[in-house]
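First comes the structure, then the notes that go with it.
Bear in mind that the values in this text are calculations on the coordinates, not laboratory data. What you are looking at is a predicted structure, and each value in this text was computed from that prediction instead of being measured. Here the Cβ is made from the backbone with ideal geometry for all residues, glycine too, and neighbour counts use every protein chain on show.
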Amino acid sequence: MQEALSRHWPEYLMEAAELGLFMISACVCVALIEHPASPVRQALEDPLLRRSLVGLAMGLTAIAIIYSPLGKRSGAHFNPAVTLAFFRLGKIEGWDTLFYVLAQFAGGVAGVLVAVLLLGQGVLADPTVNYVATLPGERGPAVAFAAEAAISFGLMLVVLLVSNDRGLNRYTALFAGTLVASYITLEAPLSGMSMNPARSFGSALPGEIWDALWIYFTAPPLGMLLAAELYLRTKGAGAVLCCKLHHENDKRCIFHCRYGEAARPAANSALTEGELP
């Protein structure tokens, strides 16, 4: 534990900062688009259009974080369910997993608290914003649980398929951000669209909104672990190169990484072909 802390504490802080930034962006965007005093809300009556704008903003936020220097170094999980899935795949050590998760929870809460300072308690507490809490829709907790598990499964499977392809790895952020935007637009009425226990807790604690929080603590990890298991059984453990969502960079990697190894055979093959008469 002490060795992990002394060597990898910068990555832990980065994970906290990433989810904190995501939550600040979520609070600001939802307040701007949904708060009744906002001119944007007054101009846009269609809830689907408003959700699509929130989805676009949050998708772009996720992309920016993954491509940022912070995301390139820490791996840009900023989600305990993602970290647990990569732990199952054998790409991250146990102590790093624990400290990543703790940092993500701390970052989620810190982000909402910063948003309270920036926007004011009254704005965040307004029912239209509600601390950007994730809550089940009108169809109830069972549907919300199933929906959360399904979208979490879909996101993790896409991340694994794209990030473990050397030709596509650099575009993982674009795939993930597109899914985030689509899910907020289309799925949010069912579950509030979380996929992230720390993200939901980040809203629940400052707002004291504990309704159905168990859904967001269980369904996202379940969905992502199922995706990891499917990938493991179909592709094999050797197909998982690393657990960074973006690896085409010069930042250090603290994981059980095979990304560089995967590049060497291709380079050797190209060299051999170049030597052929």
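Tell me, which longest segment in the chain has none of the trypsin sites (Lys or Arg not before Pro) that fall in DSSP loops with at most 14 further Cβ atoms within 10 Å?
With a cap of 14 other Cβ atoms within 10 Å, the longest stretch comes to 1-138.
Please work out the FRET efficiency for the pair Ala237 and Ala64, using the Cβ-Cβ distance as r and a Förster radius of 30 Å; give the result to the nearest 0.05. Please report the intermediate quantities before stating the final value.
Details: r = 31 Å, r/R0 = 1.05.
Here the calculated transfer efficiency is 0.45.
Rounding to the nearest 10 and keeping the result within 0 to 90°, find how far the Cα-based axis of helix 197-207 lies from the longest principal axis of the chain.
Computed tilt is about 30 degrees.
Take the alpha carbon atoms of region 139-217, find their center, do the same for region 63-127, and report the distance between the two centers in whole angstrom.
13
Note the full-extension length gain between Leu186 and Val114 as 0.36 nm times their separation in residues minus their Cα-Cα distance, in nm to one decimal.
Full extension of this stretch gives 23.1 nm more.
Any chance you could run the full-extension gain for Leu98 through Trp214? It's 0.36 nm times the residue separation minus the Cα-Cα distance, nm to one decimal.
Gain in length upon complete extension: 39.8 nm.
At most 16 other Cβ atoms within 10 Å and a DSSP loop assignment: could you name the chymotrypsin sites (Phe, Trp or Tyr not before Pro) in region 193-268 that fit?
Trp210
Not counting the cut sites, what is the longest span of the chain without GluC sites (Glu not before Pro) that DSSP labels loop and that have at most 10 other Cβ atoms within 10 Å?
Formally, the longest exposed-site-free interval is 46-137.
Give me the dipole magnitude in Debye, nearest 20, for the chain about the Cα centre, with unit charges on the beta carbon: positive for Lys and Arg, negative for Asp and Glu.
440
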